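> First the structure, which I've put down as structure tokens, then a few questions once you've had a look.
The values are calculated or read from the model by the stated rules, or taken from the named source; none is laboratory data. As the structure is a prediction and not an experimental result, all values here were calculated from the model. Virtual Cβ from ideal backbone geometry, glycine too; neighbours counted across all protein chains shown.
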Amino acid sequence: MPTILYNAPTSPFGRIAKITMLELGLPVEEKLIDVYTADYMDKTNPLRQLPTLELEDGRGIYDSRVICRYFDGISGKPTLYPKDESWGLDTRIALGLGIMEAGLLRRMEVVRPDSEKSPSYITKQEARIDRSIDHLEGLVDKLARKELTMDQIVVACALDYTDFRYADAWRKRNPGLDRWQRAFGERPIMKATKPS
Ligand SMILES: N[C@@H](CCC(=O)N[C@@H](CS)C(=O)NCC(=O)O)C(=O)O
């Protein structure tokens, strides 16, 4: 049985796993599934969340952070987690993942029936996204490293997901980040995996 990446077409977490796999040239098969009916997944990942990686021997690896670290460890390519800047890099990854998480929580609230929706919860997630993206404007010089690093992938995917599910007003407020993200988005794998 080959290694399988269970994924969903618009999952921002799944996208970073897929980009990492493709950038590192790893032979992993991707299966797009509906996680809400995927009870067969429970022994691989009892959290029943995507992305989930199923290894050849049936073991499961999750969540996206762990899958990306796993890919990085087995690829034999230069690492996406350079040691010279470890805490800063990990913190930028945490910020990007936090933006995605807030975007997903916002989305889940927005699509609830009106009688169950909490406008204040939506506002709270939007404020978290806006504040975090504005903070990234001050970190553009760190993101603008020449070699590919994991914080670049996560932040670029978080910004694309924000455009896709919420708004792109951040671009006007943060011209440096906008420029960096447009340039990074020209990478063929970024283009090929863009949510639509
Ligand atoms: N921390 C996890 C988050 C994964 C996650 O929330 N995935 C969503 C799809 S974007 C999911 O599976 N949602 C279904 C559910 O939670 O029931 C990761 O980084 O992989």
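> Conditions first: (1) more than 15 Å from the ligand (Cβ to nearest atom); (2) out of contact with any helix residue (DSSP H, G or I) (no Cβ under 6 Å at 6 or more places or on another chain). TYR62 passes all but one, so which condition is the exception?
With (1) more than 15 Å from the ligand (Cβ to nearest atom); (2) out of contact with any helix residue (DSSP H, G or I) (no Cβ under 6 Å at 6 or more places or on another chain) applied to TYR62, the lone miss is (1).
> Then there's this: For a quick check of your reading of the model, give me the residue pairs whose first member lies in segment 69-94 and is free of Cβ contacts under 8 Å to residues at least 60 places away in the same chain, whose second is among the small types (Gly, Ala, Ser), with beta-carbon atoms closer than 9 Å and at least 6 apart or on different chains.
What qualifies is PHE71/ALA17; SER75/GLY25; LYS77/GLY25; THR79/GLY73.
> When you check ASN45 against the structure, is it farther than 14 Å from THR193 by Cβ, within 14 Å of the ligand (Cβ to nearest atom) and among the polar types (S, T, N, Q), yes or no? Spell out the reasoning first.
Numbers: farther than 14 Å from THR193 by Cβ: yes; within 14 Å of the ligand (Cβ to nearest atom): yes; among the polar types (S, T, N, Q): yes.
Criteria met by ASN45.
> Select, from ARG92, ARG145, ARG65, ARG59, the only residue that is charged (D, E, K, R) and buried (at least 21 other Cβ atoms within 10 Å of the Cβ).
On inspection, the qualifying residue turns out to be ARG92.
> State whether one or more residues within segment 13-29 are under 22 Å from ASP130 (Cα atoms), within 12 Å of the ligand (Cβ to nearest atom) and not hydrophobic (A, V, I, L, M, F, W, C).
Yes, segment 13-29 contains a residue that is under 22 Å from ASP130 (Cα atoms), within 12 Å of the ligand (Cβ to nearest atom) and not hydrophobic (A, V, I, L, M, F, W, C).
> Scan segment 115-141 for residues that are surrounded by 17 or more Cβ atoms within 10 Å (Cβ to Cβ) and either more than 16 Å from TYR166 (Cα to Cα) or among the small types (Gly, Ala, Ser) (or both) and jot them down.
SER132, LEU136, LEU139, VAL140
> Go through segment 137-194 and tell me which helices (runs of 4 or more DSSP H), entirely inside it, have 1 or more residues that are touching a strand residue (DSSP E or B) at 6+ places or on another chain (Cβ under 8 Å).
On the way: elements: 140-143, 150-165, 170-173, 175-184, 188-192.
Passing ranges: none, list empty.
> Checking ALA94 against (1) more than 9 Å from the ligand (Cβ to nearest atom); (2) within 18 Å of ALA156 (Cβ to Cβ); (3) not assigned by TED's automatic domain parsing to the domain that holds ASP151: exactly one of these is not met. Which one?
(3)
> Which condition does TRP87 not pass, out of (1) in the same structural domain as GLU126 (by TED's automatic domain parsing); (2) at pLDDT 95 or above, if it passes all the others?
Failed condition: (2).
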